[in-house]
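Working notes for the structure below.
Read the figures in this text as sums done on the coordinates, not as results from a lab. Since this is a predicted model, take the numbers as computed values, not measurements. Heads up, the Cβs are rebuilt from the backbone with ideal geometry, glycines too, and the neighbour counts pull from every protein chain shown.
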């Protein structure tokens, strides 16, 4: 019995110690919100320290040192034009726009950061044939405005071959030229007339058309299965 009570007391003491440790912990949710999380809290602490330096010359020197740290932490910023300007803007944003240093670039303003983006002017009409998309509609609209001739005929043939490729990606194993030509006439609202005697080149068995995001090995396996079904159908 005494042994049981002793074990119980030790467990209670351990629980009290664990509770005291937890009481002293500071969670990130209790700290100041990170303005730019990609730089982390240490960079934010560095900038807060720079703000507290009374000597302006020393403050400028430490600010340039922090810029070097930010450049190391975020190396992909080099892919952007004028990346140094971007880093200084990020420093001002992290500081809350009240950092007083001699920057080689004008300091950004909070209203510029919170400015609403320009609204994109987009067509509200639905896509007529989903597996072709709106870009095909726009191209066909441009072709329809062309004068009849060799150039327009070549453009019709090129867009027809591309449309056949898109059709085979999302639909059946094969498609006739007439189906593609009818879709062109439909998308152009009858403004395009298919030249007489136009035929598309034959698709080779080894050609494969894959959906976006599908890896190449899976695409090859699906193409082999498709070719096998076509051979069995001919037999």
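Just subtract the alpha-carbon distance of residue 65 and residue 48 from 0.36 nm times their residue separation and send over the number in nm, one decimal. Write out the running numbers ahead of the final one.
Numbers: separation 17, 0.36 × 17 = 6.12 nm, distance 1.35 nm.
Length gained, residue 65 through residue 48: 4.8 nm.
For segment 25-138, what does the alpha-carbon gyration tensor say about shape, rounded, prolate or oblate, given a ≥ b ≥ c as the root eigenvalues, a/c under 1.5 as rounded, and a/b over b/c as prolate? Write down the numbers at each step before the final one.
Values: a/c = 2.67, a/b = 2.22, b/c = 1.20.
Cα axes put segment 25-138 in the prolate bin.
Sort 153, 29 so the one with the fewest other Cβ atoms within 10 Å of its own Cβ comes first.
On the way: 153 14, 29 6.
Fewest-to-most Cβ neighbours within 10 Å comes out as 29, 153.
Under a crude label model (7 Å from the Cα following the beta-carbon direction), how far is residue 178 from residue 113 in nanometres?
My value for the distance between the label points is 6.5 nm.
Stretch residue 129-residue 29 to full length: gain in nm at 0.36 nm per residue minus the Cα-Cα span? It would help to have the intermediate numbers written out before the result.
Values: separation 100, 0.36 × 100 = 36.00 nm, distance 4.90 nm.
Computed gain between residue 129 and residue 29 is 31.1 nm.
Label points 7 Å out from Cα along the Cβ direction at residue 105 and residue 38: separation in nm?
1.3 nm
When the Cα centres of segment 38-85 and segment 155-193 are compared, how far apart do they sit, in Å?
Each part reduced to its Cα centre gives a spacing of 55 Å.
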